[in-house]
Every structure is written in structure tokens, then in C-alpha cells.
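One structure follows; several queries about it will come next.
The values are calculated or read from the model by the stated rules, or taken from the named source; none is laboratory data. Nothing here was measured: the structure is a model prediction, and the numbers come from that model. Glycine gets a Cβ as well: all are built from the backbone with ideal geometry, and neighbour counts include every protein chain shown.
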């Protein structure tokens, strides 16, 4: 990208900030960059606090993730499972009653969460080794100029050491999702890359050990599995590096309006892209 840009009035505009090498890069940052670079600039570079506004979808997702993490820790500690009604009571208490038009709506959304959690737990088993529960890892990426290192970090919902049908061990990353089904290559391959050092302490050969990434869609109950084979990971890694190169070269950080803007915490925060969207009576 050009370092100097013409402003609307013909003057030379100053380039925007660059991504600091010391700032760690997460899959979320890369995916947000692909959606709207301006949002990444606000959050990671200018450190603009996200507005505190209640989002029902985000709140339900966070509560479900918390209850699933707590339940995984109970399984790892050989404690009994909680009943669905217990999850419902927890969700009901954590969802603010004032945000719902009726008690029926409050109850219905709490029951959604309880159903999601029970559905997610049905996929787990007590014979697996619970390696990581909501605990991340990181790994440096050699970069140019020589001697520069970027750091990729990620935090899976769950990492399990499981046993296949023929008794062979395999590693599984699990990511719980409560929104629309959108698959990508960034999250699975970054997780394998970041956790390779840790896995070398567990298995004799990380290249030959089978690994998979599992998306659990809690609303629909569907499951998508990505085979994290060495060939797949090497191929997908090229795309991740391309994403990082674009991030490191970015200076304009343009706002990009799309239907995903409805979920942006900076919606309306000095972003002219939203004004353009309002003027489009038929956006789709």
C-alpha cells in the first residue's frame, strides 16, 4: 500500500499507524482485519474502549462458554455432571431481566443457553485427557527484516487428547459457536502452529500424530471437523502468512461496511461507512 495518500481536498494525508511488532496477533485480529481494518485500528492500535452496550447474542454466547468451561473442569476433576435445570438457573440469573420485554422472553433465552450447554457436553467423554480448558498459547513467527519476530497467540475453548477406534491417540481442538456457521482456515491452523511446542512434550512426533479441529454449533447441534493433517496445515499456513503480510503493510485502515457491521462494538464511532449503508435502501 502507498505510504502517502491524497486527501479529498488534494492535500497529502498522513499515513495511518502501522501494526507494532510487539503487539501479539490473534486469529480474531486477522479475521476482523479481513472484515473491517478500521475496527482493528480502533481496538488494537488506538486502544479505543469498546462501548458498553448489552448484546443478547454475545451475552448468551459468553454464558454458554463459561458454563461449558466449568463443566469441562468438573469432568477433568472426575466430578458428576450438572443437570440441565441447574444450567438454566445459572443462565437465568446472569441474563439481566431488564433487557427483556417479558419474563417469558427472559426464561426462553435462559433455556436456550441450558440446551446449548447440554448439547455441547454430549460431545465430550470422560475417557479423554483434558489438556487445555480456555487456556491459550503462543509462538513466534520469524519475519523480515531479519531478526524481527511476530507472535501469534490463540486460546481454544478446549483441547483434548482422545483415543481413536484402533487405540491410536489423537489431539482435538474444540471451538463452541453460538452464531451463524462461518468456517475459516485461520483459526484451526493457527492453533496447531501455536501449540506445537506444547504438543512435543506429549507425543513422540507432532507431524505424524493425528490432529483435528472441531466446530460445535450449539444452536443447530451440527458439527464440522477439519482434519489438521500436515499437508492441510502447510497449505493453510500460506494463507495465514498472506493475511499477516497485509496486516503489517496496512496504513489506510479503511472502514468496510457489510452486514457484519451489525455486530461491531464500534458501530457509529466516527465511521462514515455506516452513513453509506444507511443510504442504501436495498443493501442485498
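Taking the range 62-91, which residues are farther than 20 Å from residue 179 by Cα and part of a helix (DSSP H, G or I)? Outline the logic, then answer.
Taking the range 62-91 as the starting set, the residues that turn out to be farther than 20 Å from residue 179 by Cα are 70-86, 89-90.
Once the filter is applied, which keeps residues that are farther than 20 Å from residue 179 by Cα and part of a helix (DSSP H, G or I), the range 62-91 yields 70, 71, 72, 73, 74, 75, 76, 84, 85, 86, 89, 90.
While we're on this one: State all residues of the range 96-116 that are more than 17 Å from residue 179 (Cβ to Cβ) and surrounded by 14 or more Cβ atoms within 10 Å (Cβ to Cβ); if no residue qualifies, say none.
Residues of the range 96-116 more than 17 Å from residue 179 (Cβ to Cβ): 96-108, 110-111, 114.
Scanning the range 96-116 gives 100, 105, 106, 107, 110, 111, 114.
In contact with a helix residue (DSSP H, G or I) (Cβ under 6 Å, 6 or more places away or on another chain) and either modelled with pLDDT under 95 or closer than 15 Å to residue 141 by Cβ (or both): does that describe residue 236?
On the way: in contact with a helix residue (DSSP H, G or I) (Cβ under 6 Å, 6 or more places away or on another chain): yes; either modelled with pLDDT under 95 or closer than 15 Å to residue 141 by Cβ (or both): yes.
Here the answer is yes, as residue 236 does meet what is asked.
Suppose the filter is part of a strand (DSSP E or B), free of Cβ contacts under 8 Å to residues at least 60 places away in the same chain, assigned by TED's automatic domain parsing to the domain that holds residue 188 and under 26 Å from the mean Cα position of the chain (by Cα); does residue 142 pass it?
On the way: part of a strand (DSSP E or B): yes; free of Cβ contacts under 8 Å to residues at least 60 places away in the same chain: yes; assigned by TED's automatic domain parsing to the domain that holds residue 188: yes; under 26 Å from the mean Cα position of the chain (by Cα): yes.
Answer is yes for this residue.
Okay, next question. Could we say that residue 253 is outside any strand (DSSP E or B), within 20 Å of the chain's Cα centre (by Cα) and surrounded by 13 or more Cβ atoms within 10 Å (Cβ to Cβ) here? Before the answer, list the steps.
Details: outside any strand (DSSP E or B): yes; within 20 Å of the chain's Cα centre (by Cα): no; surrounded by 13 or more Cβ atoms within 10 Å (Cβ to Cβ): yes.
No: the conditions fail for residue 253.
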